[in-house]
Amino acid sequence: MTATILTRVLAAGPEATEAAARTLRAGGLVAFPTETVYGLGADATDATAIARLYAAKGRPRFNPLIAHVADADAARRLGRFDDAAEKLAAAFWPGPLTLVVDKADGCPVADLATAGLDTLALRVPAHPVATAMLAACGRPVVAPSANRSGHVSPTTAAHVVADLSGRIDLVIDGGATPVGVESTIVACLGGPPRLLRPGGVPREALEQVLGAPLAAGPAPAGDSAPGGGSEPAPLAPGMLASHYAPRARMRLGATRVAPGEALLAFGARLPDGVGDAVAVLNLSERGDLAEAATRLFAHLRALDASGAAVIAVAPIPRHGLGAAIADRLVRAAAPRG
Ligand code: TXA
Ligand code: MG
C-alpha cells in the first residue's frame with residue numbers, strides 16, 4: 001500500500017502547466033489530458049519516479065510504458081526511425097499514434113520504463129494541455145492511462161480522481177478527452193510495420209499512408225519458442241487479456257437484453273427486451289463510431305455503477321474506430337486473471 005498523499009486538481013492553464021512541469025522534474029506524478037485518454041505522467045529519465053508510478057497504478061512491472069514528447073524532433077532524439085516510422089510520424093503526429101522503434105544510442109529513458117526492452121514506444125499527443133506540459137517539462141514523460149491497473153481508462157479528470165486520489169501529486173483538468181480510446185500502436189523495427197494495438201488512428205488510414213497492408217500482432221519470434229507453448233512474444237508484453245475489466249460481466253454481440261442486465265447500445269435500433277434493462281446507455285444514437293469511442297469508457301463506468309451483474313453490449317461494426325472499440329470490449333469481457 002502506498003502512503004496517502006495530497007492530490008491537487010488544477011484547471012488547465014498556464015499555472016497548471018508550470019505546476020505540472022515542476023512536479024514532474026521533482027520526480028512527482030501528474031495526470032494530464034491527451035486527445036485519447038488521461039495519462040499518468042512521470043519523468044521518463046527518473047527510475048524512482050517510474051517505480052512510484054507503477055506503485056500508484058498497481059501495474060505489473062513487465063508492462064512497458066509509452067514515452068510522450070512535445071514534437072517529432074524530440075522523439076527522433078530518443079529512437080531510431082526507419083522509413084515506415086518517418087512516413088507515419090509525418091502523417092499522424094501530433095495524434096493518437098504510438099510508434100515502437102529501436103532505442104537510440106544514449107537514449108536517456110530509464111530501463112524500468114521499457115521493462116528492459118531494446119525498443120521504445122513513442123508518442124506525440126495532439127492535445128494543447130499535454131503539448132504545453134511536455135514543452136515546459138523539457139524531458140520525455142512516460143504515461144500509461146491514469147487508472148488503477150485493470151480498471152477502465154479515464155476520459156475525464158473525475159475518473160482519474162476516483163481511481164488515483166491520494167496516490168498521485170496533481171491532476172490537470174482539461175475536460176473530456178476528444179478521441180476516447182487509446183492510441184494505435186505500430187512497431188517499426190526495420191521489417192514490415194506491425195499493428196500491435198488498434199486505437200485512435202484506424203488501420204485503414206495507416207495502410208493508406210504506407211501503401212501496403214499492416215502485419216498484425218507481435219512479430220514472430222526469431223528463434224521459435226520451445227515446447228509449442230503459448231508464451232506471449234516479448235514484443236507486445238502489455239496486452240493483458242482483462243486489462244479493461246469492469247466489475248460486471250460483459251456479454252458481447254447481444255441482440256436481446258435479459259431482465260436485470262444493463263445495456264450498452266449502439267445506433268438507433270435497440271435490441272429486444274430493452275424495457276427490462278436495469279440501465280441503458282447508447283454509444284451513439286446515430287451510429288457514429290468516433291462518437292462511440294469518445295463515450296465508451298465513461299459509459300462502461302456508469303453501467304458498472306448501475307449495479308447490474310451483466311452488461312449486454314449491442315453489436316458494433318468493426319471498421320475504422322470500431323476495431324479499437326471491439327478490442328477494448330473483448331478485453332473487458334475476458335475472464336479475470
Ligand atoms: O493513448 C495512449 O496511448 C495512452 C495515453 C495516456 O497516451 N497511453 C496508454 O498507455 O494507453 P498504456 O501504458 O496503458 O499502454 C501502453 C501499451 C502497452 O500495451 C504496452 O505493452 C505497449 O504500449 N508498449 C509500450 N512499450 C512497448 C514496446 N517497447 N514494445 C511493445 N509494446 C510496448
Ligand atoms: Mg491502460
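The values are calculated or read from the model by the stated rules, or taken from the named source; none is laboratory data. The model shown is predicted, which means the values in this text are computed figures rather than measured ones. Note: ideal-geometry Cβ built from the backbone for every residue, glycine included; neighbour counts use all protein chains shown.
Structural remarks
- Residue that is surrounded by the most Cβ atoms within 10 Å (Cβ to Cβ), among those in region 293-308 that are at negative phi and without any contact (Cβ under 8 Å) to a residue 60 or more places away in the chain: LEU303
- The set of residues from region 74-111 being away from ligand 1 (no atom under 12 Å from the Cβ), surrounded by 19 or more Cβ atoms within 10 Å (Cβ to Cβ), in contact (Cβ under 8 Å) with a residue 40 or more places away in the chain and aliphatic (A, V, I, L, M) comprises ALA75, ALA84, ALA85, LEU88, ALA110.
- When region 249-284 is filtered for residues that are among the aliphatic types (A, V, I, L, M), over 21 Å from ALA324 (Cβ atoms) and assigned to a loop (DSSP other than H, G, I, E, B), the ones remaining, listed by number, are VAL257, ALA258, ALA268, LEU270, ALA277, VAL278, ALA279.
- Residue that is nearest to ligand 1 (Cβ to nearest atom) [pool: residues in region 137-177 that are among the acidic types (Asp, Glu) and either under 20 Å from ILE50 (Cβ atoms) or crowded, with 21+ Cβ neighbours inside 10 Å (or both)]: ASP163
- Candidates in region 163-174 are the residues that are out of contact with any helix residue (DSSP H, G or I) (no Cβ under 8 Å at 6 or more places or on another chain) and touching a residue at least 24 places away in the same chain (Cβ under 8 Å); of these, the one that is farthest from GLY39 (Cα to Cα) is GLY166.
- The residue that is nearest to THR294 (Cα to Cα), counting only those in region 179-196 that are crowded, with 24+ Cβ neighbours inside 10 Å and away from ligand 2 (no atom under 16 Å from the Cβ), is VAL186.
- Some residue of region 78-89 being part of a strand (DSSP E or B) and away from ligand 2 (no atom under 15 Å from the Cβ): yes
- Inside region 309-332, residues that are surrounded by fewer than 19 Cβ atoms within 10 Å (Cβ to Cβ) and under 14 Å from GLY150 (Cα atoms) make up a count of 2.
- Members of region 59-91 found to be closer than 28 Å to LEU164 by Cα and among the small types (Gly, Ala, Ser), listed by number: ALA67, ALA70
- The lone criterion from (1) at pLDDT below 95; (2) within 16 Å of ligand 2 (Cβ to nearest atom); (3) out of contact with any strand residue (DSSP E or B) (no Cβ under 7 Å at 6 or more places or on another chain); (4) within 25 Å of VAL129 (Cα to Cα) left unmet by PRO60 is number (4).
- A Cβ distance below 6 Å, combined with a sequence gap of six or more or placement on separate chains, defines the contacts here; from region 176-197, residues that are under 13 Å from THR36 (Cα atoms) reach residues that are of a type in the set (S, T, N, Q) and assigned to a strand (DSSP E or B) in the pairs SER183/THR98; ILE185/THR98.
- Contact annotation: residue pairs with Cβ atoms under 8 Å, 6 or more positions apart or on different chains, pairing a residue in region 25-43 that is farther than 17 Å from PRO96 by Cα and within 13 Å of ligand 2 (Cβ to nearest atom) with a partner that is assigned to a strand (DSSP E or B) and of a type in the set (Ser, Thr, Tyr), are ALA31/TYR38.
- The set of residues in region 15-44 being crowded, with 18+ Cβ neighbours inside 10 Å and part of a loop (DSSP other than H, G, I, E, B) consists of GLY28, LEU29, THR34, GLU35, THR36, VAL37, ALA44.
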